[in-house]
Amino acid sequence: MFSNKNILITGGTGSFGKKFVQHLTSNYKNIKRLIIFSRDELKQYEMQKIYPLEKYPYIRFFLGDIRDLNRLKQAFEDVDYVIHAAALKQVPAAEYNPFEFIKTNVLGAQNIIEASLINNVKKVIALSTDKAVAPINLYGATKLCSDKLFCAANNIIGKRKMKFTVVRYGNVLGSRGSVLPFFMNRKKHNLYFPITNKDMTRFNLTLDEGVEVVLWSLKNSYGGEIVVPKLKSFKITDLAKAIDSSLKTKVIGIRPGEKIHEELIAEADSNNTIDIGNYYIILSNKNSQSVNYFKKISTKKINSDLTGFTYNSLNNKNYLTVNDLKKLIVNYNFSD
């Protein structure tokens, strides 16, 4: 599907972007152009050393901010697929600098949509977060707005052959700013593990799995849906034990805007949700046409009646044990 195609990744120098580029360059040899769009020149410089022009002549590095619509219009010219991973994500920073998050996560999302419409981009996949579900912090609220914008964008494509889709997942193992590298650093200095709540649970997703979900969505998107992968959960206390059971833990209390459990599908969305096997699909408009589309592409019998269903890291049936977590940590590449 990527043969002779132009692909652009916003936030391309972030954790997901680097892993996605690594996957594309390793597995697809006939890409026409691969554009890394981000605002951090240092990260682009470091990434360019990994992908030098003489070896990867099809890779382009574009400096720019998704707040700048004109720059996006230029960058999106002749682009076939856009993966939108750029966002401001730190919950405490959002509470202190609310409108900066609105500028990037909401207005920036609208800019992505407008630039895509102008350039007739075939497919746009926007990455979301569990925090967009029943948000209790500003970051989550901005991502909910972003999700709504991308899903609704399918209503204004007119005669264009375009699709906008959202991919929503939770905690990414070892990504920048997440709990795993934080705990690993504490272990390095022989410090206790601060735990905000002893009952806290999180979904687990590796960067490779995140890439897989996006690739599946690019291939199978209907347009206007939110794709939610089925994940395993873990207890934060079990993660601490897996890293070093000899170090003490200390309960420090919930931080502002923090949830005890991650939630990917709220009960309010259950009426529009279907289960197609490896994924839940939240449909913008659950009708016979959209349901039949996923029946055709699914290898398993789908469940289209999930009324009253919720999907969170507490009620999830699949949990990682301490030993499972140990194996993940040992095999994890922190350079990601």
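The values are calculated or read from the model by the stated rules, or taken from the named source; none is laboratory data. Please read these numbers as outputs of a predicted model, since none were measured by experiment. Cβ atoms come from the backbone with ideal geometry, glycine included; neighbour counts cover every protein chain shown. What goes into the accessible areas is simple: the full protein's heavy atoms, side chains included, and nothing from ligands, DNA or RNA. Shrake-Rupley method; radii C 1.70, N 1.55, O 1.52, S 1.80 Å.
Can you name every residue in region 311-326 that is part of a loop (DSSP other than H, G, I, E, B), touching a residue at least 12 places away in the same chain (Cβ under 8 Å) and open to solvent by 40 Å² or more (accessible area, probe 1.4 Å)? Walk me through it before giving the result.
Quick first cut of region 311-326, residues part of a loop (DSSP other than H, G, I, E, B) only: 313-318, 320-321.
Narrowing the set further to residues that are touching a residue at least 12 places away in the same chain (Cβ under 8 Å) leaves 313-314, 316, 318, 320-321.
Of everything in region 311-326, those that are part of a loop (DSSP other than H, G, I, E, B), touching a residue at least 12 places away in the same chain (Cβ under 8 Å) and open to solvent by 40 Å² or more (accessible area, probe 1.4 Å) turn out to be Leu314, Asn318, Thr321.
Within region 152-167, identify whether any single residue is modelled with pLDDT of 95 or more, in contact with a strand residue (DSSP E or B) (Cβ under 7 Å, 6 or more places away or on another chain) and closer than 19 Å to Lys232 by Cα, and answer yes or no.
yes
For region 284-336, how many residues meet the condition of being in contact with a strand residue (DSSP E or B) (Cβ under 7 Å, 6 or more places away or on another chain) and more than 30 Å from Lys18 (Cβ to Cβ)?
Going residue by residue through region 284-336, those that are in contact with a strand residue (DSSP E or B) (Cβ under 7 Å, 6 or more places away or on another chain) are 291, 294, 302-304, 306, 309-314, 316, 318-320, 325.
Remaining after also requiring more than 30 Å from Lys18 (Cβ to Cβ): 291, 294, 302-304, 306, 309-310, 314.
Summing the residues that are in contact with a strand residue (DSSP E or B) (Cβ under 7 Å, 6 or more places away or on another chain) and more than 30 Å from Lys18 (Cβ to Cβ) in region 284-336 gives 9.
Take Phe294 and decide whether it is on the phi < 0 side of the Ramachandran plot, part of a loop (DSSP other than H, G, I, E, B) and touching a residue at least 40 places away in the same chain (Cβ under 8 Å). Give the derivation first.
Values: on the phi < 0 side of the Ramachandran plot: yes; part of a loop (DSSP other than H, G, I, E, B): no; touching a residue at least 40 places away in the same chain (Cβ under 8 Å): yes.
No; evaluated as a whole, the condition is false for this residue.
Against the definition (touching a helix residue (DSSP H, G or I) at 6+ places or on another chain (Cβ under 9 Å) and among the hydroxyl-bearing types (Ser, Thr, Tyr)), how does Ser245 come out, yes or no? Before you say what the answer is, go through the steps one by one.
Values: touching a helix residue (DSSP H, G or I) at 6+ places or on another chain (Cβ under 9 Å): yes; among the hydroxyl-bearing types (Ser, Thr, Tyr): yes.
It is true that Ser245 is touching a helix residue (DSSP H, G or I) at 6+ places or on another chain (Cβ under 9 Å) and among the hydroxyl-bearing types (Ser, Thr, Tyr).
Can you spot a residue in region 248-263 that is without any contact (Cβ under 8 Å) to a residue 40 or more places away in the chain and farther than 21 Å from Lys148 by Cβ?
Quick first cut of region 248-263, residues without any contact (Cβ under 8 Å) to a residue 40 or more places away in the chain only: none.
No, region 248-263 has no match at all.
Which residues, taken from region 213-254, are surrounded by fewer than 22 Cβ atoms within 10 Å (Cβ to Cβ) and aromatic (Phe, Trp, Tyr)?
Scanning region 213-254 gives Trp216, Tyr222.
Across region 183-237, what is the total count of residues that are among the aliphatic types (A, V, I, L, M) and under 25 Å from Val82 (Cα atoms)? Can you show your working first?
Taking region 183-237 as the starting set, the residues that turn out to be among the aliphatic types (A, V, I, L, M) are 184, 191, 195, 200, 205, 207, 211, 213-215, 218, 226-228, 231, 236.
Adding the requirement that they be under 25 Å from Val82 (Cα atoms) leaves 205, 207, 211, 213-215, 218, 226-228, 231.
Selection size over region 183-237: 11.
Of the residues that sit in region 17-32 and are among the hydrophobic types (A, V, I, L, M, F, W, C) and surrounded by fewer than 22 Cβ atoms within 10 Å (Cβ to Cβ), which one is farthest from Gly210 (Cα to Cα)?
Our first condition is that a residue be among the hydrophobic types (A, V, I, L, M, F, W, C); within region 17-32, this holds for 20-21, 24, 31.
Now narrow it down to the ones that are surrounded by fewer than 22 Cβ atoms within 10 Å (Cβ to Cβ): 24, 31.
Numbers: Leu24: 13, Ile31: 21 Å.
So, considering only residues that are among the hydrophobic types (A, V, I, L, M, F, W, C) and surrounded by fewer than 22 Cβ atoms within 10 Å (Cβ to Cβ), the one farthest from Gly210 (Cα to Cα) is Ile31.
Go through region 78-88 residue by residue and tally those that are surrounded by 15 or more Cβ atoms within 10 Å (Cβ to Cβ) and either β-branched (Val, Ile, Thr) or farther than 19 Å from Met47 by Cβ (or both). Break it down into steps so the answer makes sense when it comes.
Just the residues of region 78-88 that are surrounded by 15 or more Cβ atoms within 10 Å (Cβ to Cβ), to begin with: 79-88.
Narrowing the set further to residues that are either β-branched (Val, Ile, Thr) or farther than 19 Å from Met47 by Cβ (or both) leaves 79-83, 88.
Within region 78-88, residues that are surrounded by 15 or more Cβ atoms within 10 Å (Cβ to Cβ) and either β-branched (Val, Ile, Thr) or farther than 19 Å from Met47 by Cβ (or both) number 6.
Within region 268-289, which residues are within 20 Å of Lys163 (Cβ to Cβ) and of a type in the set (Ser, Thr, Tyr)?
Correct list: Thr273, Tyr279, Tyr280, Ser284, Ser288.
Output the qualifying pairs, or none if there are none: Cβ atoms under 8 angstrom, residues six or more apart or on different chains, first residue in region 214-232 and farther than 24 Å from Gln22 by Cβ, second residue open to solvent by 30 Å² or more (accessible area, probe 1.4 Å) and among the aliphatic types (A, V, I, L, M).
Filtered contacts from region 214-232: Gly224/Ala152.
Looking at (1) touching a Phe, Trp or Tyr at 6+ places or on another chain (Cβ under 8 Å); (2) more than 15 Å from Ile113 (Cα to Cα), which one does Ile125 not meet, given that it meets all the others?
(2)
Among the strands (runs of 3 or more DSSP E) lying completely within region 136-220, list those that include at least 3 residues that are under 14 Å from the mean Cα position of the chain (by Cα). Give the derivation first.
Values: elements: 163-169, 193-195, 201-204.
Counting at least 3 such residues, we get 163-169.
Output the residue which, of all residues in region 131-160 that are free of Cβ contacts under 8 Å to residues at least 40 places away in the same chain and among the charged types (D, E, K, R), is most open to solvent (accessible area, probe 1.4 Å).
That would be Lys159.
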